[in-house]
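Each remark here refers to the structure printed beneath this line.
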Amino acid sequence: MTVYSKISEDGKQLTISIEERFDFSLHQQFRAAYHDNVTPDLTYILDLSKTDYMDSSALGMILLLKDHVQLHTGTLIIDKPNDTVNKILEIAQFHRLMTIT
Amino acid sequence: MPSSKNLVLIVDDSKVQCKVLSALLEEDNYRVIVANDGATGVEMFITHQPDLVLMDVNMPIMNGYEATRRIKAMSGVGNLAPLMFITSMGSDESFINCVEAGGDSILVRPFSSAVFKAKIKALQRISDLVEQVKSLQHEQKNDAELAEKMMSEVIESRNYGLDRIGIIKKPAALFSGDIQLSALCPNGNIHVLLGDFTGHGLRSSIGAIPITETFRVMTKKGFSISDIIMQINSQLYTLLPGDLFFAAGFACISEHEKSAYVLNAGLPDAYLFNEQADIKHQFSSKHPPLGILPEILSDVQLDIINIHPHDRLVFLTDGIIEARNQEGEYFGSQRFETAVKEGVIEGDIAKNIQKKLADFCKNTEQEDDISLVDIPCCSWVNNNDITVISSNLSDELSELDNSLSIPLAWSYHLHLTGKLLKNTNPIPLVMNQINDLEGAGEHWQSLYTILTELFVNALDHGVLKLDSALKNSPEGFSSYFNERTQRLNLLQENKQGNAHEDFVRISLQYYPLFQGGKMLIKIKDSGVGFNVLKVIKTNSQLLNTGMSLSGRGINIVDQLCDTLEYQEDGTLVIASYIWRNKQVLD
């Protein structure tokens, strides 16, 4: 398992962390990490600080997460991508679509 | 009960056993063949391709485990048959050995005939499934090959200028998620697209066909590259599921304007190289890939760059930069740039990059589609593309025109004001009307050029009062374009309460001739006009000395038209265009 998800103590924040490679093989796990959570106004943090590599299907998976977040009026934050991963997000101009910190 | 007579291979050294099992199987309508040792069993498996195999363990020459291993080792998609061991050794160890050797089931003696038949029934179910998978796989392979063939037929083979564009296309699967398109605009500009759908394989190439059609049809009708980008984006936004998108680079290369218009939406940096393979410009991604947002972000502009005839524009997908070698190292942009440099010296960029990639990756499996286009920035328009009517012919036709009074077939008027001038390109609209009325024809290409040049002149110099002298430096075109955008925006804001209304009026009159036709074009603008004689004189002087970067447009129009004149202080231009039907020329 390289996808971890955790709800904060106050119940207002869901953190999903991805370790090592973020690619199509994580499709099911990634979806499972947020799909059943329908709490409104939640802050979703996608922690990429431990992600070494990300491919374009991962970008697609992030877009699906974004759709889910919007549907439940939440907020999505992409957290601490490393340089390699950030480069991929930059090429795809994802900072135009969501918050990247 | 099997519908057709299925074949069972029994491998057992006891002839009595074989007889008993055969009898039971024949009761259930099976055909049976028998081998009395492992080696013969393997041979018979190869020659008869049975549907089921029953295997004893202890046999002379070759035992059941070894025979099973050999049979399973050569079982591919085409000859997969379930195999059951029949043994009197009921220990855990023998059970495990049977499975390890490749057995699908085990039946321990003694057993009743009812149990045996039940076991065979279960095995038959597996065998039926295997059959089904086999035929599905076969069907899918055929379909995929057919679809792939059609796809490349539709997409690649109809590209323009294939002999001049350097291309790399190496799909990771049978289908490529990357597409490469090129098409010629009616005015001689060239449009190029390199795109990469998320993922690879059939799923990602399905969007390629609608995009290809849009790109070709819109280019042919004379739409600008930004119109095409907007259309493709909204098309993909509606078509694609949420996680599928299209990273793409678009370019319009205009030799006439010595400029390239580029948008990189989600691809790695694109490059403009000069003759020495120095990087003149890098086009980084400015926009998210297409198909994600319902509309193109309004603040994103095309990059406009001046080009020289020997420059080359290169687009590539991430498959090149992210190709990995055995050590997991990436090919990277540094190696890419070096490979381009060597490629330019050797005269073939695509070939050298492919070679360097192969050397780098050695035997590692290709993870993503790899593609690149390398587009030269010159000599796109050859003389065959623009039909210029010989002067003799047009004289003859004019005489005809004058001597007989030719009836007007139809006329068409379009009056564009204020805001519409900013947002509409009327020329494709007009051309569509003409195509609808008179059918398609090659002679419309020249008409398209004439209309575009005259309309742009009326808008730029008449309505917007831009001075083409702005273009008279190598960097001038960009500043001209910026100024133009600004003034167009003002048009919109000043719309209300403006006593003087900005407009361009296009009117067309069509006279059918015996073997062709004549189009009388009038374009009137709201500008203040210009000193016709002086401008034409200066223009032709500058053109003759090769000093001017502007004025080429009107020169081409003059060549294409039968007559061209300015009236009403230069605010009205009247051109007549005459053509003969193609078949008559041939």
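Considered as a group, the residues in the range B:321-336 that are away from chain A (no Cβ under 13 Å) and surrounded by 14 or more Cβ atoms within 10 Å (Cβ to Cβ) include one that is nearest to A:Ser56 (Cα to Cα), and that residue is B:Phe331. The set of residues in the range B:355-369 that are over 12 Å from B:Ala173 (Cβ atoms) and either among the aliphatic types (A, V, I, L, M) or in contact with a strand residue (DSSP E or B) (Cβ under 8 Å, 6 or more places away or on another chain) (or both) comprises B:Leu357, B:Ala358, B:Cys361, B:Thr364. Among the residues making up the range B:457-477, those that are part of a helix (DSSP H, G or I) and crowded, with 16+ Cβ neighbours inside 10 Å are B:Asn457, B:Ala458, B:Leu459, B:Asp460, B:His461, B:Gly462, B:Val463, B:Ser468, B:Leu470, B:Lys471, B:Gly476, B:Phe477. Could you tell me whether any residue of the range B:283-298 is of a type in the set (Lys, Arg) and under 22 Å from B:Arg164 (Cβ atoms)? No, there is no match, as no residue in the range B:283-298 is of a type in the set (Lys, Arg) and under 22 Å from B:Arg164 (Cβ atoms).
Residues that are open to solvent by 60 Å² or more (accessible area, probe 1.4 Å) and either under 12 Å from the mean Cα position of the chain (by Cα) or on the phi > 0 side of the Ramachandran plot (or both) within the range A:18-28 comprise just one, A:Glu20. What about B:Leu267, is it among the aliphatic types (A, V, I, L, M), open to solvent by 10 Å² or more (accessible area, probe 1.4 Å) and not in a strand (DSSP E or B)? Against the criterion (among the aliphatic types (A, V, I, L, M), open to solvent by 10 Å² or more (accessible area, probe 1.4 Å) and not in a strand (DSSP E or B)), B:Leu267 does not qualify. Identify, please: which residue in the range A:10-34 is touching a Leu at 6+ places or on another chain (Cβ under 9 Å) and more than 21 Å from A:Asn82 (Cα to Cα) and is, among those, farthest from the other protein chains (Cβ to nearest Cβ)? If we take residues in the range A:10-34 being touching a Leu at 6+ places or on another chain (Cβ under 9 Å) and more than 21 Å from A:Asn82 (Cα to Cα), then A:Gly11 is farthest from the other protein chains (Cβ to nearest Cβ).
Scanning the range B:275-318 for residues being open to solvent by 30 Å² or more (accessible area, probe 1.4 Å), polar (S, T, N, Q) and within 13 Å of another protein chain (Cβ to nearest Cβ) gives a total of 3. Does B:Gly319 satisfy the condition of being assigned to a helix (DSSP H, G or I), of a type outside the set (A, V, I, L, M) and closer than 19 Å to A:Asp55 by Cβ? Yes; evaluated as a whole, the condition is true for this residue. Taking every residue in the range A:77-98 that is within 14 Å of another protein chain (Cβ to nearest Cβ) and on the phi > 0 side of the Ramachandran plot and pairing it with any residue that is surrounded by fewer than 20 Cβ atoms within 10 Å (Cβ to Cβ) and part of a loop (DSSP other than H, G, I, E, B), at least 6 positions away or on another chain, the pairs with Cβ-Cβ distances below 8 Å are A:Gln93/B:Lys286.
One residue alone among B:Leu447, B:Leu520, B:Leu491, B:Leu508 is open to solvent by less than 20 Å² (accessible area, probe 1.4 Å), at pLDDT 85 or above and over 34 Å from the mean Cα position of the chain (by Cα), and that residue is B:Leu508. The lone criterion from (1) facing another protein chain (nearest Cβ under 10 Å); (2) in a loop (DSSP other than H, G, I, E, B); (3) small (Gly, Ala, Ser) left unmet by A:Ala58 is number (2). Cβ-Cβ contacts under 9 Å between residues 6 or more apart (or on different chains), taken from a first residue in the range B:503-521 that is more than 11 Å from B:Tyr577 (Cβ to Cβ) to a second residue that is aromatic (Phe, Trp, Tyr) and surrounded by 18 or more Cβ atoms within 10 Å (Cβ to Cβ), are listed as B:Val504/B:Phe455; B:Ile506/B:Phe455; B:Leu513/B:Trp579. Looking at the structure I just gave you, is B:Ala260 more than 11 Å from chain A (Cβ to nearest Cβ), crowded, with 24+ Cβ neighbours inside 10 Å and not hydroxyl-bearing (Ser, Thr, Tyr)? In short, yes.
No other residue among A:Tyr44, A:Tyr4 is more than 12 Å from every other protein chain (Cβ to nearest Cβ) and out of contact with any Ser or Thr (no Cβ under 6 Å at 6 or more places or on another chain) apart from A:Tyr44. Any residue at all in the range B:542-561 that is open to solvent by 30 Å² or more (accessible area, probe 1.4 Å), modelled with pLDDT of 80 or more and outside any loop (DSSP other than H, G, I, E, B)? Among the residues of the range B:542-561, not one is open to solvent by 30 Å² or more (accessible area, probe 1.4 Å), modelled with pLDDT of 80 or more and outside any loop (DSSP other than H, G, I, E, B), which makes the answer no.
Any residue at all in the range B:62-69 that is more than 21 Å from B:Ser135 (Cβ to Cβ), among the charged types (D, E, K, R) and more than 58 Å from the chain's Cα centre (by Cα)? Checked the range B:62-69: no residue is more than 21 Å from B:Ser135 (Cβ to Cβ), among the charged types (D, E, K, R) and more than 58 Å from the chain's Cα centre (by Cα). Among residues of the range B:240-252 that are facing chain A (nearest Cβ under 7 Å), those with a Cβ under 7 angstrom from a residue that is of a type in the set (Asp, Glu) and surrounded by fewer than 24 Cβ atoms within 10 Å (Cβ to Cβ), sequence gap 6+ or separate chain, pair up as B:Gly242/A:Asp67. B:Phe250 meets all of the listed conditions (1) buried (at least 17 other Cβ atoms within 10 Å of the Cβ); (2) assigned to a helix (DSSP H, G or I) but one, namely (2).
When the test is whether a residue is within 14 Å of chain B (Cβ to nearest Cβ), touching a helix residue (DSSP H, G or I) at 6+ places or on another chain (Cβ under 9 Å) and open to solvent by 50 Å² or more (accessible area, probe 1.4 Å), A:His68 does not pass it. Among strands (runs of 3 or more DSSP E) entirely within the range B:151-212, having at least 3 residues that are surrounded by 20 or more Cβ atoms within 10 Å (Cβ to Cβ) and away from every other protein chain (no Cβ under 14 Å) singles out B:178-184, B:190-197. Screening A:Val3 with (1) under 13 Å from the mean Cα position of the chain (by Cα); (2) open to solvent by 70 Å² or more (accessible area, probe 1.4 Å); (3) of a type in the set (A, V, I, L, M) gives one miss only, at (2).
As a summary of the residue check, B:Val133 satisfies the conditions (1) at negative phi; (2) assigned by TED's automatic domain parsing to the domain that holds B:Ser371 except for the one numbered (2). Taking into account only those residues within the range A:29-50 that are assigned to a loop (DSSP other than H, G, I, E, B) and in contact with an Asp or Glu (Cβ under 9 Å, 6 or more places away or on another chain), which is most open to solvent (accessible area, probe 1.4 Å)? Per the stated criteria, the residue is A:Lys50. Based on what the data block shows, is A:Thr39 out of contact with any Cys (no Cβ under 9 Å at 6 or more places or on another chain) and closer than 19 Å to A:Asn86 by Cα? So A:Thr39 fails the test. Taking the range B:246-263 as the range and being within 15 Å of the chain's Cα centre (by Cα) and small (Gly, Ala, Ser) as the test, the residues that pass are B:Ala247, B:Ala248, B:Gly249, B:Ala251.
The values are calculated or read from the model by the stated rules, or taken from the named source; none is laboratory data. Since this is a predicted model, take the numbers as computed values, not measurements. Cβ: placed from backbone, ideal geometry, glycine included. Neighbour counts: every protein chain shown. All accessible areas refer to the heavy atoms of the entire protein, side chains included, with ligands and DNA or RNA removed. Shrake-Rupley method; radii C 1.70, N 1.55, O 1.52, S 1.80 Å.
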